[in-house]
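The values are calculated or read from the model by the stated rules, or taken from the named source; none is laboratory data. The structure presented is a predicted model; accordingly, all values stated were derived computationally and were not measured. Counting neighbours? That spans all protein chains shown, and the Cβs are built from the backbone with ideal geometry, glycine included.
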Amino acid sequence: MPDDDPDADLMLRFRAGDEDAFAELVRRFQGRVVSLAARYVGSAADAEDVAQEVFLRIHRARSTYEPTARLTTWVHRITVNTSLNALRRRRVRRNVSAEMPGRDAGSGEPPEFADADAARPDEESLKVELAQVLRRIVDALPERQRTALLLNKYQGLSYEDTAAAMELSLPAVKSLLTRARVNVRDALLPYLESGTPPA
Amino acid sequence: MHCDGPPIEDLVAWLDGELPAADAARVAAHVDACAACRREADGLRRSGELVAALPRATPSADFAARVLASSRAGAAPRRGRLLRLVPAAAAAAAVAAVLLWRAVGPQRDAELGVLTASEERDIAADLYLLTNLDALESGSADELIGIVDDLDVLEAAEPEVAGLYAATSGDVR
């Protein structure tokens, strides 16, 4: 077990039957799990569904848990995979709905978490618009670039923890992060210069 | 435009504080002297800062309580509609999945290579879809969506029930 991982201690206590340790683990990780899930599935409500599934998977896996890596990388890996599964299911449902007459396939554009409809000062509106533009850019990245970028910049994981969470080598993650950063910068530049959101 | 200085991967790693000290000093000295690399670094730094500052969803006040309640109950998050409509078909799919796993399991290491959790899950899903071919061909939209929900149930099922999809699965390997 990594020496400096108090989260892994919690999971070991839970494996030994301490349900309070699981409750503490949920409290400790809920914000990060919901937040990351929301970056994939769009809405806070859908993110909570995903997060609930993440914690249930952790709960079910307690007997097989081995602290071979930092707990946070394990939780992030489950969150990413559960979020991607949710996205796949949503795509299947949309395809099914789109082929059935009289059914609404949905707009396909989840709202940003901030309440964009509320009246706001100009500066706040620009922040919301920038977040929406940026979200579209990040969503359009290849899947592994997006995951690496979210784990590293949004969740604050180190390169090493990002690599562990994605089960990739450190050089591979470094390469993914570089391409992601270049792609985001290049896609964002026209908006920052002209103020016109990309189509 | 990037010059002939440090590779762009090192520039990004330097911005992220992920370079060893000696390499970081080398990149810093170059960026200090090279206007093109400074511009490059500024754009890359900004893109990272903006992603880090994206809005964050906050769990609702009762989220933790709901998770704890459902985990105590051992409840799956959702149940598929078709599973309720045709439980026998779903059960048959689960049994077929277990039988296939047992038949293939002993051979797979030697002949097929170890199946990944994702491959095992796909086999279980395919079996379930085969079991519900009639509904797929002629079912209503609700039935089709129910099948998709049931695939979720297979994914979430305990290993001894589904056979092919361990609770730890690809997510935690």
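Structure above, values below:
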| item | result |
| --- | --- |
| The range A:51-73, residues that are touching a residue at least 12 places away in the same chain (Cβ under 8 Å) and assigned to a helix (DSSP H, G or I) | A:A51, A:E53, A:V54, A:F55, A:R57, A:I58, A:H59, A:R62, A:S63, A:L71, A:T72, A:T73 |
| Any hit, the range A:67-84, residues being farther than 24 Å from A:N152 by Cβ and not assigned by TED's automatic domain parsing to the domain that holds A:R135 | no |
| Filtered residues of the range A:139-182 (kept if among the charged types (D, E, K, R) and closer than 13 Å to B:E18 by Cβ) | A:K153, A:E160, A:D161, A:K174, A:R181 |
| Helices (runs of 4 or more DSSP H) wholly inside the range B:32-109 that include at least 2 residues being within 14 Å of chain A (Cβ to nearest Cβ) and at pLDDT below 95 | B:35-52, B:63-73, B:81-85 |
| Which listed residue is more than 7 Å from every other protein chain (Cβ to nearest Cβ) and in contact (Cβ under 8 Å) with a residue 24 or more places away in the chain, from A:R136, A:R181 | A:R136 |
| Flag if A:S35 is out of contact with any Gly (no Cβ under 9 Å at 6 or more places or on another chain), among the polar types (S, T, N, Q) and modelled with pLDDT of 95 or more | yes |
| Where A:V41 falls short, out of the listed (1) assigned by TED's automatic domain parsing to the domain that holds A:D9; (2) at pLDDT below 85 | (2) |
| Within the range B:1-26, considering residues that are facing chain A (nearest Cβ under 10 Å), part of a loop (DSSP other than H, G, I, E, B) and of a type in the set (D, E, K, R), the one nearest to B:D42 (Cα to Cα) | B:D16 |
| Which listed residue, of A:D104, A:D18, is surrounded by fewer than 20 Cβ atoms within 10 Å (Cβ to Cβ) and either at pLDDT 90 or above or in contact with a Lys or Arg (Cβ under 7 Å, 6 or more places away or on another chain) (or both) | A:D18 |
